[in-house]
Amino acid sequence: MATKTSLLMGDGLRRSATNTPAKLAATDRFREITYGELNARVNQLANGLLSLGIGKGDDVAVMVGNRIEHLEILFAMAKIGALAIPLDIKWKALELGSVLDFFKPRALILQSDCVQELEMARKIHALSFLRPIVASGLSYGGLLDGQSSAEPPVEVHEDDPFAVLLTSGTTGFPKGCLATHRTFALHCINNAIEKGLGGHDKALLSSPIYFNAGRSFTLGIIYFGGTMILHERFDAEEVLKTIEREKVTYIGAVPTMCERMLHVLGSRAYDTSSLRCLAITGGKVHPTVLEDLKTRLTPNIYRTYASTDSGQMAISKPADLAAKPNAAGKPVWCVELRILDDAGNPVKVGEAGEIVCRSPLATHGYYKNPEATGASFRDGWFYTGDLGYFDEEGYLFVAGRKKDMVKSGGISIYPLEIESVLYGHADVLEAAVIGVPDPKWGEAVKAVVVLKPDSVLQGEELIRFCKERLSSYKIPKSVEIRSSLPHTEVGKVNKVKLREMVLAEIESAT
């Protein structure tokens, strides 16, 4: 408990349980729970963990998906000052064992269908430091039995660690972004300021809760006393049915999820008039898709430029959609953004450079990884690795990842610009642009494209399409049509994996 008013994640739940104990807090496919019931169970779990000797300053990993138990666990640990490390429930033994061995948490609370992978992980890594607690049934293996539902007697401060937010990452070992109670409470407050998130909302989550895009607004809903509907996986038609049936007001989505909902809406209409906020993150949404979303789903579209490391940096609101459809938006209320050249100097308006960020929403560093912290943070500024520029009106435009930039004949080419053109073709479902080795130019621009069903479009036609819209040096030298592209867990095209696949195919063909 807190001795003074401060920004603590557990306090939001406690306040809602006091003010609206009978209000529905959350539902999943197994059960529903009110705020009074949720707070009581959170306190029982917190006191149960204390009885095991797990308390303030201890690390506890969490391997539970989009279920009410996930909320119970995070808020229980918040109330005793333990540090939560949410993990991906789809990890296999090698991935799971490596991460557990790196962070060395005292305990792992996991759902029953993850136990087998844990046992296999223990054959790879000893993990003798780890205490498993299986969250099957409502008693956590008896841990809640006989425990008090009173607030746990622990003094927690807003600068105490709250959670380690693992980067979804496309390469290498995932980094753990350390967030304090204050940091995460400010995430909730930022969503309230920029998107109107509050106790009036009924929100739906169908992306993984163990990634920050989903967790941020989910915990914000509980912090402010709204109602949270949890789906264990994304199913476009089921999401639309739920919006219509439950009068959902707030959903979060990544671009691929939006495109799948539009595909469903192409053959059947659903009443989505209750939506006051469609929050899109995780990549660029192309103007044609935005227009379709606006017409078929909701005009209340909020696009955020964010990362697990930095939190939200910029936002494009519904009023920005018509005037600046390609913009990432303007910086959110508490964030400073700069655009720097390779020497670290600010560039002029309209010139591209690396986006750097200073923000109270940013991670306090990578947990147990000072080398990674030093590589990304300098003098309080987070170096995003993204390229972008500001226009005269202060709107931020993102040109792509610095490492994705193609150097062809000494000229810097930004794949995102070419991808935007490709998405403008009526037959293109998905597109990614990469650089491949070229003896003459160093790198050549290659487009890899997925076509819409029944399309017979040829690569040469797409090259001609690009010639009408792009400078000659930006035109793809080749276009490859595939049935699918690799994706990360949060739905982004995994360009690292795609490039590896393409280069391996080039090498095997020579």
How large is ³J(HN,Hα), in whole Hz, for each residue of the stretch 235-250 in order, when computed from phi with the Karplus curve 6.51 cos²θ - 1.76 cosθ + 1.60 and θ = phi - 60°, using x for Gly and Pro? 10, 4, 5, 5, 4, 5, 4, 5, 4, 5, 6, 9, 6, 5, 9, 9
What nm distance separates the two modelled labels at K241 and S273, each placed 7 Å from Cα along Cα→Cβ? 2.3
Sequence neighbours fewer than 8 away in the same chain don't count; with that in mind, list the lysines whose C-alpha is under 19 Å from K317. K195, K284, K294, K330
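Roughly how compact is the chain, stated as its Cα Rg over 2.2 N^0.38 Å to two decimals?
Values: Rg = 23.4 Å, N = 510, 2.2 N^0.38 = 23.5 Å.
The value comes to 0.99.
To the nearest 0.05, what FRET efficiency results for R358 and V456 with a Förster distance of 35 Å applied to their C-beta separation?
Details: r = 50 Å, r/R0 = 1.44.
Plugging the Cβ-Cβ distance into 1/(1 + (r/R0)^6) gives 0.10.
Beyond 22 Å, what percent of the Cα pairs of the stretch 1-183 remain? Working shown, then result.
Details: 7429 of 16653 pairs.
Considering the stretch 1-183, 45 percent of its Cα-Cα pairs are separated by more than 22 Å.
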Rounded to two decimal places and with Rh computed the Kirkwood way over Cα pairs, what is Rg over Rh for the stretch 328-400? 0.99
Can you tell me which of 481-487, 270-276, 287-293 comes out highest on packing, and rank the rest after it, using the mean Cβ neighbours within 10 Å? 287-293, 270-276, 481-487
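Relative contact order for the chain: what is it in percent, counting Cα pairs under 8 Å that are at least 6 residues apart? Walk me through the numbers before you get to the answer.
Values: 1047 pairs, mean separation 54.4, N = 510.
Once divided by the residue count of the chain, the mean separation gives 11 percent.
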Report ³J(HN,Hα) in whole Hz for each residue of the stretch 98-113, in order, from the Karplus equation J = 6.51 cos²θ - 1.76 cosθ + 1.60 where θ = phi - 60°; Gly and Pro get x. 5, 5, 5, 5, 6, 7, 6, x, 6, 9, 10, 9, 9, 6, 4, 6
Ascending count of other beta-carbon atoms within 10 Å, so fewest first, for C277, C357: C277, C357
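Take peptides 107-116, 416-425, 66-75, 468-477 and line them up by average Cβ neighbours within 10 Å, highest first, as a rough protection proxy. If you can, show how the numbers build up before the last one.
Values: 107-116: 17.8, 416-425: 19.8, 66-75: 25.0, 468-477: 15.0.
Result, highest mean first: 66-75, 416-425, 107-116, 468-477.
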Sorted by chain and number, the residues with a modelled amide H under 5 Å from that of S455, at a separation of 5 or more or across chains, are none
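Please report, in debye to the nearest 20, how large the charge dipole of the stretch 405-509 is about its Cα centre when each Lys and Arg carries +1 at its beta carbon and each Asp and Glu carries -1 there. The partial results should precede the final answer.
Values: 14 positive and 15 negative charges, 61 e Å.
Around 300 debye, computed over the stretch 405-509.
Quick check on the stretch 212-363: of the DSSP beta bridges with both residues there, what percent are antiparallel, nearest 5%? Don't jump to the answer; show the numbers that get you there.
Values: 13 of 20 bridges.
Among the beta bridges of the stretch 212-363, antiparallel pairing accounts for roughly 65 percent.
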Under a point spin-label approximation (7 Å from Cα along Cα-to-Cβ), what is the D391-E500 distance to one decimal in nm? 3.8
Nitroxide proxy distance, nm - points 7 Å out along Cα→Cβ at A375 and K403: 0.7
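With a 10 Å Cβ neighbour count serving as the proxy for reagent exposure, in which order, fewest first, do R233, R303, R296 appear? Write out the running numbers ahead of the final one.
Numbers: R233 10, R303 26, R296 15.
Fewest to most other Cβ atoms nearby, the residues stand as R233, R296, R303.
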Residues with amide H under 5 Å of I315's amide H, sequence separation 5 or more or different chain, H placed in the peptide plane at 1.01 Å from N; which? Y305, K330, V332
What whole number of Å gives the distance from the Cα centroid of the stretch 67-101 to the Cα centroid of the stretch 113-177? 4
For the stretch 341-369 and the stretch 221-287, compute the distance between their C-alpha centroids and round to whole Å. 31
Listed with the fewest Cβ neighbours within 10 Å leading, K79, K92, K368 appear as K92, K368, K79
Amide H neighbours of E480 under 5 Å, counting only residues 5+ apart in sequence or on other chains, H built in-plane at 1.01 Å? A447, V448, V449
How big is the Rg/Rh ratio for the stretch 405-509, C-alpha atoms only, Rh by Kirkwood, two decimals? 0.94
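How far, in nm, would the chain grow between D101 and K123 when pulled straight, counting 0.36 nm per residue and subtracting the alpha carbon separation? Could the numbers behind the result be given before it?
Details: separation 22, 0.36 × 22 = 7.92 nm, distance 1.22 nm.
Here the answer is 6.7 nm.
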Taking θ as phi - 60°, what are the ³J(HN,Hα) couplings along the stretch 179-193 by the Karplus curve (6.51, -1.76, 1.60), each to the nearest whole Hz, with x for Gly and Pro? 10, 7, 4, 4, 4, 6, 4, 5, 4, 4, 5, 4, 5, 5, 5
How many lysine pairs does the stretch 1-183 hold where the Cα atoms are under 28 Å apart and the two sit 8 or more places apart or on different chains? 19
Given a Förster distance of 35 angstrom, what is the FRET efficiency for E489 paired with D159, based on the Cβ-Cβ distance and rounded to 0.05? 0.70
Rounded to whole angstrom, the alpha-carbon centroid of the stretch 469-510 lies from that of the stretch 419-445 at a distance of 7
Looking only at the chain, where both bridge partners belong to it, what percent of the DSSP beta bridges are antiparallel (to the nearest 5)? 60
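Every number here is computed from the coordinates shown, using simple stated rules; none is lab data. Only a predicted model underlies this, so the values are computations on that prediction, with no experimental measurement involved. Cβ: placed from backbone, ideal geometry, glycine included. Neighbour counts: every protein chain shown.
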